[in-house]
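Read through the structure below, which is laid out as structure tokens, and then see the notes.
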Amino acid sequence: MYKTTLEQWYLLDAVVKEGSFALAAEKNNRSQSSLSYQLSLLQQRLDMELLKQVGRRAVLSAEGHQLLAQVRPLLEGFSALEAKASALRRGERSRIDLMVDATFPKPLLFDVLNIFQQRYPHVRIWFSEIVRSETPDRLAEQQADLWLVAQYGAEPLAGESLMSVDFVAVAHRDHPLHSEPAPLNAATLARWPCITILDRQQQQQSEVSGDQAENWSFTTLSAAIEAVQHQLGYGWLPEQNIAGLLKSGELRPLPLLQGRRRSSTLVMYINEKRLPGNSAIAELAQMFVERVAQEKSITH
């Protein structure tokens, strides 16, 4: 049997945070005598002074500082365990399937996920990244709780327009295109491979139809960016994803006659069938809306 209990350590932590026995007892709906008894018992069983009185405040002894620092992660873990049990009892899922387009800004994405983790420590995120051409098929499968995907095709997606992603036509600074007379027209561009991003199914369809015969296609955004870096061709790449390469001068915008910049709309779509009893999905969606709005207010 253990000499001490989590409850005793929790009460010790409460006294330290509140600064007094009276405030800690009030906050935890206990009598001051009951709280004092538990902490006396804790110190007695450890045969060690953990608290001392300094003026009107109860403060930790040197030993108390060391031990409580070691116990706090256990208290937080136990709180997370009970929160998860409560969510399971309410019928909430302990996982959210999130599907995100590769061009969605990663700093913004992880800012939101970090805040979400703090508010919902019992909910896991299963993250899938897709390219734009996969959007219709992935939505049709309905295998996610929340999508942040790119508009693809003529038919508008159901859901909420979240933000626009700007693409800029670029090539490596040493690519021969930068030696051609400006402005560059379509005939000049046609002499060099265009680096595109397609899912595997789209690649196979293009091979059969003959579309994009002169292009080089990659199934991931990161590979497409590296291909342009290694002078395999030119391409329209998300400006935010290559900001560092543009700043360093490794990639340079192409002086096109037209079409130097393009944009794509990212749409947020919620799987409404999974919403009942799963408030965390709606909360995560709202976090993205608020964070994107904050980003827009900063940039404008």
Q: Examine segment 107-129 for a residue that is β-branched (Val, Ile, Thr) and within 27 Å of Ser217 (Cα to Cα), and state whether such a residue exists.
A: no
Q: State all residues of segment 145-187 that are polar (S, T, N, Q), under 28 Å from Glu226 (Cβ atoms) and open to solvent by 60 Å² or more (accessible area, probe 1.4 Å); if no residue qualifies, say none.
A: Ser164, Ser179, Asn185
Q) Within the bounds of segment 29-40, is there any residue that is of a type in the set (S, T, N, Q), at negative phi, surrounded by fewer than 18 Cβ atoms within 10 Å (Cβ to Cβ) and not in a helix (DSSP H, G or I)? A) yes
Q.
Residues that are within 14 Å of Ala285 (Cα to Cα): list the strands (runs of 3 or more DSSP E) wholly contained in segment 74-151 that include at least 3 such residues.
A. 95-101, 146-150
(Q) I need the strands (runs of 3 or more DSSP E) fully contained in segment 209-300, keeping only those with at least 1 residues that are without any contact (Cβ under 8 Å) to a residue 60 or more places away in the chain and within 30 Å of Ala190 (Cα to Cα). (A) 216-218
Q: Tell me, yes or no, whether segment 48-59 has at least one residue that is assigned to a helix (DSSP H, G or I) and either of a type in the set (A, V, I, L, M, F, W, C) or in contact with a Lys or Arg (Cβ under 8 Å, 6 or more places away or on another chain) (or both).
A: no
Q) What are the residue pairs meeting all of these: first residue in segment 159-178, first residue over 14 Å from Gly259 (Cβ atoms), second residue surrounded by fewer than 16 Cβ atoms within 10 Å (Cβ to Cβ) and hydrophobic (A, V, I, L, M, F, W, C), Cβ atoms under 8 Å, and 6 or more apart or on different chains? A) Glu160/Val289; Leu162/Val289
Q: Tell me, please, whether a residue that is open to solvent by 80 Å² or more (accessible area, probe 1.4 Å) and either modelled with pLDDT of 95 or more or touching a Lys or Arg at 6+ places or on another chain (Cβ under 6 Å) (or both) can be found in segment 268-278.
A: no
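Going by the conditions given, is Glu26 surrounded by 14 or more Cβ atoms within 10 Å (Cβ to Cβ), over 30 Å from Ser217 (Cβ atoms), charged (D, E, K, R) and at pLDDT below 90?
Criteria not met by Glu26.
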Q: Name, by its number, the condition in (1) closer than 21 Å to Ile242 by Cα; (2) buried (at least 21 other Cβ atoms within 10 Å of the Cβ) that does not hold for Asp111.
A: (2)
Q) Only one of these conditions is not met by Gln142: (1) on the phi < 0 side of the Ramachandran plot; (2) open to solvent by 30 Å² or more (accessible area, probe 1.4 Å). Which number is it? A) (1)
Q. Restricting to segment 154-175, what's the tally of residues that are modelled with pLDDT under 95 and out of contact with any strand residue (DSSP E or B) (no Cβ under 8 Å at 6 or more places or on another chain)?
A. 3
Q: Kindly indicate the residue of segment 238-264 that is polar (S, T, N, Q) and within 19 Å of the chain's Cα centre (by Cα) and also least open to solvent (accessible area, probe 1.4 Å) among those meeting that condition.
A: Asn241
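The values are calculated or read from the model by the stated rules, or taken from the named source; none is laboratory data. Computed from a predicted model, the values in this text were never measured in an experiment. Glycine gets a Cβ as well: all are built from the backbone with ideal geometry, and neighbour counts include every protein chain shown. In case anyone asks, the SASA skips ligands and DNA or RNA and just uses the protein heavy atoms, side chains included. Shrake-Rupley method; radii C 1.70, N 1.55, O 1.52, S 1.80 Å.
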